[in-house]
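Notes follow once the structure below has been shown.
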Amino acid sequence: MLRSVLLGALLAAPAMSQIILDTDSGFFGDDGVALTMLLRSNHAKDLIGITVVSGNVWSNDGVGYMKRTAKLLGKPKLPVLAGSASPLVHTPALRRRETGIEFDGAFGLPLPKTYPPAGGIDFLIRTIDANPHRVTILAIGPLTNLATALRNRPDIATKIESVVIMGGNVHAPGNASKAAEFNFWFDPEAAQLVLRSAIPKKLLFPLDVCNNAHLTKTLFDRVVDAKTPITDLYREDFGNRYPGFLKNPKAESFLWDELATAGLLNPKLVTRTESAWLDIDTNFGPRYGAVKLLDKSPIPETTPTTVVLDMDFPKVFESYLAALTVRQ
Ligand code: RIB
Ligand code: CA
């Protein structure tokens, strides 16, 4: 009996490396759902820490949001550390010179009054150093933290097991600008540094696949019906903020960070990929942050990126609903 219970547990939770969630969490949003999916999965124990980056909001606020969500999910002691406060090059002043931006996240918000120590960068470096080839980074915000860690310690690139990224748009239009997706547009130079790096495995969930995962009022209603502390946060954010289902039932959005999380937790959900050499347009102008699809490696050490193009969406939505509607 004990043997079959243990066997069942092993089968349910195949060995995975340690996971660090690198997020630009706002109030809750898709980053909050991503954390919920992780902590309510068989891989909850593999999540060893959260590093926060500026993107949706400034990172000092993101730390507070992630701590609150982790606490509600029963993990008050999970390390949540601020990383970089600002992108490598992009600034609010530069952003004011750009036109046609549909969403500018933290750039549209007042600057932080205080800056917590950026312990997240050191946490990334120390964890990778101590666990060579055993750390996967789930990066669901701008790539500033990882890029900064790679700048400070270039040798860790090959010691990372893999990076799973939500960001970019390869064949589809952008969502921050016509050309660029938000996470890559917020910090184009960081995205370039990571995509050009020697990290052995890079798995990218771009808008191309996210555009097929519609978040509708029907789905929203199914989640909020559970009426738990987590779905109350979900209701407030998706209902009254973005995309505002309680104000406009016809509003629509997409699953973004949730797809990368679902694909990490269950790789079988990924049904079509392509291997590509990717780079980022870092010329300041209308294509700032856009993905460039190359026909060869941009620099010798670059490894290719696996671009996710399709997923088993019925199963993705099943896991999304299951994680969010658990009553606890
Ligand atoms: O473009 C979608 C991405 O931008 C998601 O990571 C979302 O959370 C925002 O950061
Ligand atoms: Ca995000």
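The values are calculated or read from the model by the stated rules, or taken from the named source; none is laboratory data. Nothing here was measured: the structure is a model prediction, and the numbers come from that model. Positions of Cβ are generated from backbone atoms using ideal geometry, with glycine treated the same way; all protein chains shown enter the neighbour counts. Heavy atoms of the whole protein, side chains included, go into the accessibility calculation; ligands, DNA and RNA do not. Shrake-Rupley method; radii C 1.70, N 1.55, O 1.52, S 1.80 Å.
Would you mind stating whether ILE48 is away from ligand 1 (no atom under 16 Å from the Cβ) and open to solvent by 20 Å² or more (accessible area, probe 1.4 Å)?
Considered against the rule, which asks whether it is away from ligand 1 (no atom under 16 Å from the Cβ) and open to solvent by 20 Å² or more (accessible area, probe 1.4 Å), ILE48 comes out as yes.
If I filter the range 84-110 down to residues being open to solvent by 50 Å² or more (accessible area, probe 1.4 Å) and in a helix (DSSP H, G or I), which single residue comes out as nearest to ASP61 (Cα to Cα)?
By that ranking, first place goes to GLY108.
Among helices (runs of 4 or more DSSP H) lying entirely in the range 206-257, which contain 1 or more residues that are charged (D, E, K, R) and surrounded by fewer than 17 Cβ atoms within 10 Å (Cβ to Cβ)?
217-224, 229-234
Given the condition more than 27 Å from THR271 (Cβ to Cβ) and assigned to a helix (DSSP H, G or I), answer yes or no: does some residue in the range 173-185 qualify?
Yes.
Among (1) under 25 Å from THR136 (Cα atoms); (2) within 16 Å of ligand 1 (Cβ to nearest atom), which single condition is TYR288 missing?
Exception for TYR288: condition (1).
Among the candidates ARG151, ARG126, which residue alone is assigned to a helix (DSSP H, G or I), within 18 Å of ILE50 (Cα to Cα), away from ligand 1 (no atom under 16 Å from the Cβ) and open to solvent by 40 Å² or more (accessible area, probe 1.4 Å)?
The unique qualifying residue is ARG126.
When you check VAL63 against the structure, is it buried (at least 24 other Cβ atoms within 10 Å of the Cβ) and among the aliphatic types (A, V, I, L, M), yes or no?
It is false that VAL63 is buried (at least 24 other Cβ atoms within 10 Å of the Cβ) and among the aliphatic types (A, V, I, L, M).
Pairs please, first residue from the range 191-204 and open to solvent by less than 10 Å² (accessible area, probe 1.4 Å), second anywhere and modelled with pLDDT of 95 or more and part of a strand (DSSP E or B), Cβ atoms under 6 Å, 6+ apart in sequence or on different chains.
Within 6 Å, the pairs are ALA191/ILE280; LEU195/LEU278; ILE199/VAL163; LYS202/VAL163; LYS202/THR305; LEU204/ILE165; LEU204/THR305; LEU204/VAL307.
Restricting to the range 267-303, name every residue that is surrounded by fewer than 15 Cβ atoms within 10 Å (Cβ to Cβ) and in contact with a Phe, Trp or Tyr (Cβ under 8 Å, 6 or more places away or on another chain).
LEU293, LEU294, ASP295, LYS296, SER297
For the range 32-40, does any single residue satisfy the condition of being over 21 Å from LEU111 (Cα atoms), buried (at least 22 other Cβ atoms within 10 Å of the Cβ), within 11 Å of ligand 2 (Cβ to nearest atom) and not aliphatic (A, V, I, L, M)?
Yes, the range 32-40 contains at least one residue that is over 21 Å from LEU111 (Cα atoms), buried (at least 22 other Cβ atoms within 10 Å of the Cβ), within 11 Å of ligand 2 (Cβ to nearest atom) and not aliphatic (A, V, I, L, M).
When you go through (1) in contact (Cβ under 8 Å) with a residue 60 or more places away in the chain; (2) more than 16 Å from ligand 2 (Cβ to nearest atom) one by one for ASN152, which number turns out not to apply?
Only one criterion is unmet by ASN152, namely (1).
Among the residues of the range 155-170 satisfying the criterion of being in a loop (DSSP other than H, G, I, E, B) and touching a residue at least 60 places away in the same chain (Cβ under 8 Å), which is farthest from ligand 2 (Cβ to nearest atom)?
Ranking the qualifying residues of the range 155-170, first place goes to GLU161.
With in contact with a helix residue (DSSP H, G or I) (Cβ under 7 Å, 6 or more places away or on another chain) and open to solvent by less than 50 Å² (accessible area, probe 1.4 Å) as the only criterion, which of SER177, SER162 stands out?
SER177
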